[in-house]
Amino acid sequence: MATILDDKLTESELAEELGRGIRTIRLWRSRRTGPPFIRLGRQILYRRQAVQDWLASLEQEQPRARRSA
């Protein structure tokens, strides 16, 4: 049965999926550089789509190769 929290990730789940430590996730949150989060009492949750949107916002184009003069 589906629940309202099905598309949410905990800090540890997010850290595992991104291949980062939980301390990094907490650092990003404290610096407000990480994905948007939901505080549910003491629990921190991340909406999967919000994380995907945040990752897409970090996307950068490759710089053009310099031509030799």
Of the residues in segment 14-69, those that are closer than 21 Å to T3 by Cα and over 11 Å from the mean Cα position of the chain (by Cα) number 7
Flagged in segment 41-64 as surrounded by fewer than 10 Cβ atoms within 10 Å (Cβ to Cβ) and outside any helix (DSSP H, G or I), in numbering order, are G41, R42, L58, E59, Q60, E61, Q62, P63, R64
Review point. Would you say I22 is surrounded by fewer than 16 Cβ atoms within 10 Å (Cβ to Cβ), touching an Asp or Glu at 6+ places or on another chain (Cβ under 6 Å) and at pLDDT 95 or above?
Key: yes
(request) Looking only at segment 19-30, decide whether some residue is touching a Lys or Arg at 6+ places or on another chain (Cβ under 8 Å), outside any loop (DSSP other than H, G, I, E, B) and of a type in the set (V, I, T). (result) no
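The values are calculated or read from the model by the stated rules, or taken from the named source; none is laboratory data. Given the structure is predicted, the values throughout are model-derived calculations rather than measurements. Reconstructed Cβ throughout: ideal geometry from the backbone, glycine too, with neighbour counts over all protein chains shown.
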